[in-house]
């Protein structure tokens, strides 16, 4: 949850926001003038500023300029009335995170607030590259293996350049951490860093999210909208899961890389944009090229520099370091003493094949700590998390769950006309997974996101995409 500063001269709106955001678990500070808002930022920078354009005395735009000069990585959402949309667009080009027109709908505004807080966290939170960082408060790439040493060296060489970077590796290997390290060690480290998950955003919305749109571009486009790429001008854009990007949008990313310009939907004039592209995928792009699902010209434009992240099973010598790191980090986050773990527990961790890689290891350690009640983690604690059927699956390549899934997929395929069922089956499984995670956590979205391994904004977008309705009330977390 975040500390949010709301600057607006409308007392009723401030009170409504205070109640709404407090209900979401945020701490809210309010100011009625630009001068007061600037003073509060100077005293203690919040995680997010929500700023009205029209204020008495110092205007909202003037206040934004002062705040942005002082705290360039502090996300600011501009609120504007219908008549001042162009002003809000200009503020966005100058570095504001986004803007909302008054009056606005509550669910999209809450989703935007979550995205802004997460974006600010990603920009401010450094990623250390060390065998075992001195502080467990930071996120880190951990490992002494040769494979990880090669990754550190590659980051050090490519980060200070403007070269396009393609990060490849299995799911859970830490591709986002590498992308953030490339950003934080670059010459654009004081500029915006925008994360765009090409899977989390529905295909029908991805193009408008990336490139924005002009008024009248489609039904409901009542005003011009600046896209995420244009918002990140002079900064870095991280295109996560680019291997899943729709073929129709790939040509526009290619144009961005070739010509350093974009076109908004419904627009005819190219808009110059200066962004560095870092992309990541767990897909076999070469196979996608053969199948015609990925553009060959974009493939070669992306792989100017390719960083390969090894799966955890190929660098098990790093398991003890990773285990110690996650024990320290999660103990600190949960405000408990680090109980450590026995040699038998470490052996159990080493025997497992970790199909979910470092993310799965982190989840396993965190769950084991939750259920250990402060006692040293033993082999039996780890065994409760790494279930017997998972161990059997890693040894033999199949289990009862996989057999059930295979039977379900066979029945679906045999009973359906020919066509692309990949998205349909994936969405059905994802809907079940998210629903059960929410049920298990009694509707706590933050805990459900951690349990699945998604960011909270991504989970919220999936809940909305799949229209998931909870049997029990969703808890504001």
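Taken together, the values in this text are just the output of simple stated rules run on the coordinates, not laboratory data. Bear in mind that the values here come from a model prediction, so they are computed numbers and not experimental data. For neighbour counting, all protein chains shown are included, and Cβ atoms are generated from backbone atoms with ideal geometry for every residue, glycine included.
Structure summary
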| item | result |
| --- | --- |
| Ellipsoid equivalent to the range 1-42 - semi-axes via the Cα gyration tensor, in Å | 18, 13, 4 |
| Inter-site label distance for residue 20 and residue 261 at 7 Å from Cα along Cβ, in nm | 3.9 |
| The chain - mean residue ellipticity at 222 nm from DSSP helices (-39,500 (n - 2.57) per run, n ≥ 4, rounded to 500) | -15000 deg cm²/dmol |
| Calculated FRET value between residue 209 and residue 422, using beta carbons and R₀ = 25 Å, to 0.05 | 0.70 |
| Computed lengthening from residue 150 to residue 125, 0.36 nm per intervening residue step minus Cα-Cα distance | 6.7 nm |
| Cα-based Kirkwood hydrodynamic radius, the range 228-296, one decimal, Å | 12.9 |
| Largest-first principal axis extents, alpha carbons of the range 146-309, Å | 55, 39, 26 |
| Within the chain, percent of DSSP bridges classed antiparallel, to nearest 5 | 10 |
| Relative contact order (%) - the range 183-308, alpha-carbon pairs under 8 angstrom, separation at least six | 27 |
| Backbone N under 14 Å from the residue 66 label point (7 Å along Cα→Cβ), restricted to the range 35-51 | 35-44 |
| Between helix 34-43 and the chain: long-axis angle, C-alpha atoms, 0 to 90°, nearest 10 | 40 |
| Exposure proxy order (Cβ contacts within 10 Å, fewest to most) of 460, 187 | 187, 460 |
| Calculated SAXS-style log₁₀ I(q)/I(0) at q = 0.12, 0.24 Å⁻¹ - the range 162-247, Debye, Cα scatterers | -0.43, -1.23 |
| At 1.306 mPa s and 10 °C, Stokes D of the chain from Kirkwood alpha-carbon radius, µm² per second | 66 |
| Estimated D of the range 3-124 in µm² per second, where Rh is the Kirkwood radius over Cα pairs and Stokes-Einstein applies at 10 °C, 1.306 mPa s | 113 |
| Listed peptides 201-213, 280-292 by packing density, highest first (mean Cβ within 10 Å) | 201-213, 280-292 |
| Folded to 0 to 90 degrees: helix 60-70 orientation relative to the chain principal axis, Cα | 50 |
| Listed peptides 24-35, 153-164 by packing density, highest first (mean Cβ within 10 Å) | 24-35, 153-164 |
| Per-bin percent of Cα-Cα distances, the range 314-396 [5 Å] | 3, 15, 29, 28, 16, 7, 2, 0 |
| Cα long-axis angle, helix 319-333 against the chain (0 to 90 degrees, to the nearest 10) | 50 |
| Two-site label geometry, residue 13 and residue 223: point separation in nm, points 7 Å out along Cα→Cβ | 1.1 |
| Computed over the chain: relative contact order in percent, which uses C-alpha pairs under 8 Å that are six or more apart | 12 |
| Alpha-carbon Rg with Dmax, taken over the range 43-184, Å | 19.0, 60 |
| Stokes-Einstein translational diffusion, the range 166-208 - Kirkwood Rh over all Cα pairs, 0.692 mPa s, 37 °C, in µm²/s | 268 |
| Cβ-derived FRET efficiency at R0 51 Å, residue 300 paired with residue 337, nearest 0.05 | 0.45 |
